[in-house]
Each structure stands twice: as structure tokens, then as C-alpha cells.
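One structure is given below, encoded as C-alpha cells.
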Amino acid sequence: MGDLLARDSAGITYLYPGVSTYPVVHFADRIKLGAGWNTYDTIVGAGDYTGDGRADILARTPAGALHLYPGTGDPHAPFKDRVGLGSGWQQYTHLTAIGDINGDGKGDLLAISSEGELFSYKGTGTGGFRPRVSLGRGWNIYRGLY
């Protein structure tokens with residue numbers, strides 16, 4: 001069972017650890033991760049980007065800086081220090097992490113440009129991404145990708 005992150009309007013982020021006790025699935029009590037997460041306009045995560053078997057998240061600032069927060073597996077300190085992945089990501093109206101889309105066992109990222117072009121960024125498994133590949137145009141008709 002996966003965990004859930006939630007960010008309130010003040011920028012405080014909480015972790016809700018997933019609990020699976022067959023046949024009941026629920027979340028444990030929330031754990032406060034800290035304030036300041038309103039620095040980001042987008043936070044996504046659905047995969048392991050570092051290749052260590054732990055879930056990681058990506059966070060983008062409004063200025064377009066993308067950061068990786070490697071997962072630790074510890075619910076009381078779930079992320080290591082952030083790692084910068086570069087700038088220019090503000091060119092995308094949507095970022096979505098849907099896990100491994102090409103079957104190589106590495107977390108991938110999808111991005112839609114303001115012109116509606118969908119790009120795939122395949123994960124390297126070491127915390128980065130391969131060069132983008134266009135998956136077609138016309139994707140700006142959607143409000144979101146999940």
C-alpha cells in the first residue's frame with residue numbers, strides 16, 4: 001500500500017503512511033513533515049527515481065527549478081535533502097509522475113508544454129532523466145493528467 005502526502009494552505013506537508021491489514025486498507029495517523037512546501041507549485045511522485053527501491057518525489061518552483069527528494073523509507077524522516085535537477089521546467093503547464101511507463105523498472109515523468117505537446121522523460125534510475133521524447137500534440141485540452 002502506498003503512502004499519501006498532503007499539503008495545507010499554509011504550506012505544511014503531512015505524511016499519511018499507508019496501512020494494509022487484509023482485508024482493510026487505511027492510513028495511519030498523519031506525521032507532520034514541516035513547513036515551507038508552498039515554495040512549490042507542483043509536487044508529484046509515483047515511483048523510484050534513484051534506483052534504491054524507495055518512493056521519491058519531485059517538486060517544481062514557480063520559477064521552473066525542479067528538485068528531487070529521495071525517499072528514505074522512514075516515515076518520520078521520509079526524504080533526504082533535495083537534489084536540484086535543473087531549471088526551465090516552468091515551460092510545462094502540467095507535470096505528472098505515473099510510475100514506470102516503459103517497463104524498465106525506473107520512474108518516469110510526463111510533461112505538457114503550453115503549446116499542448118506531451119513529452120516523456122524516462123528515468124535513469126540514478127535520480128535523473130533521459131532527454132525528452134515527444135508523444136504528440138493536442139494535450140492542452142486536458143485540465144490534468146493523473
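The values are calculated or read from the model by the stated rules, or taken from the named source; none is laboratory data. A quick note: this is a predicted structure, and the numbers were derived from the prediction, not measured. Heads up, the Cβs are rebuilt from the backbone with ideal geometry, glycines too, and the neighbour counts pull from every protein chain shown. The protein model used for the area step is the full one, side chains on, heavy atoms only, and it has no ligands, DNA or RNA in it. Shrake-Rupley method; radii C 1.70, N 1.55, O 1.52, S 1.80 Å.
Could you list which residues have their amide H under 5 Å from that of D108, counting only those 5 or more apart in sequence or on another chain, with H placed in the peptide plane?
Those qualifying (amide H under 5 Å, at least 5 residues apart or on another chain) are I98, G99, D100, I101, G123.
Suppose accessible area is computed on protein heavy atoms with a 1.4 Å probe; arrange S9, S120, S134 from highest to lowest.
Values: S9 125, S120 5, S134 60 Å².
Putting S9, S120, S134 in descending order of accessible area: S9, S134, S120.
In Å², what does the accessible area per residue of the stretch 10-146 work out to with a 1.4 Å probe?
That works out to 54 Å² for each residue.
Run the accessible area of the chain with a 1.4 Å probe and give the carbon-and-sulfur part as a rounded percent. Let's see the in-between values first.
Values: 4200 of 8090 Å².
After summing per-atom areas, the C and S share lands at 52 percent.
For F129, enumerate residues with amide H under 5 Å from its amide H, sequence gap 5+ or separate chain, H modeled in the peptide plane.
Answer set, sorted by chain and number: T124.
Excluding A97 itself, what net charge comes from residues whose Cβ is under 13 Å from its Cβ, given Lys and Arg +1 and Asp and Glu -1? Intermediate results must be reported in sequence, preceding the final value.
Values: positive: R60, K106, K122; negative: D48, D56, D100, D108.
Cβ neighbours under 13 Å give a net charge of -1.
Using a Förster distance of 25 angstrom, determine the FRET efficiency expected from the C-beta separation of T126 and Q91, and round it to 0.05.
0.55
Fully extended, how many nm does the chain gain between N38 and R54 (0.36 nm per residue separation, minus their Cα-Cα distance)?
Values: separation 16, 0.36 × 16 = 5.76 nm, distance 2.39 nm.
Between N38 and R54, full extension yields an extra 3.4 nm.
In debye, nearest 20: dipole of the chain around its Cα centre with unit charges on the Cβ of K, R (+) and D, E (-)?
Computed charge dipole of the chain: roughly 220 debye.
Run the quick spin-label model on D100 and R7: label points 7 Å from Cα toward the beta carbon, then report their separation in nm to one decimal.
The two pseudo-label positions are separated by 2.8 nm.
For Cα pairs less than 8 Å apart in space and 6+ apart in sequence, what is the mean separation divided by the residue count of the chain, i.e. the relative contact order in percent?
Result for the chain is 15 percent.
Given a Förster distance of 41 angstrom, what is the FRET efficiency for I141 paired with R30, based on the Cβ-Cβ distance and rounded to 0.05?
About 0.70, to the nearest 0.05.
Counting alpha carbon pairs within less than 8 Å and at least 6 residues apart, what relative contact order, in whole percent, applies to the stretch 29-111?
26
Could you work out the Kirkwood radius for the stretch 92-145, taking every pair of different alpha carbons, averaging 1/r and inverting it, reported in Å?
11.3
Quick check: net charge around R137, other residues with Cβ under 13 Å of its Cβ, Lys/Arg +1 and Asp/Glu -1?
Taking every other residue near R137 into account, the sum is -2.
Going toward the positive end of the dipole of the chain, with +1 on Lys and Arg Cβ and -1 on Asp and Glu Cβ, which of F27, G73, G105 do you reach last?
It is G105, whose Cα lies furthest towards the positive end.
For T42, list long-range residues whose amide hydrogen, built 1.01 Å from N in the peptide plane, is under 5 Å from its own amide hydrogen.
Close amide H contacts, sequence-distant or interchain: R60.
In what sequence, largest accessible area first, do H94, H76, H26 appear using a 1.4 Å probe?
H76, H26, H94
Would you list the P(r) distribution for the chain, with all Cα-Cα distances sorted into 10 Å bins from 0 and each bin expressed as a whole %?
11, 39, 36, 13, 1
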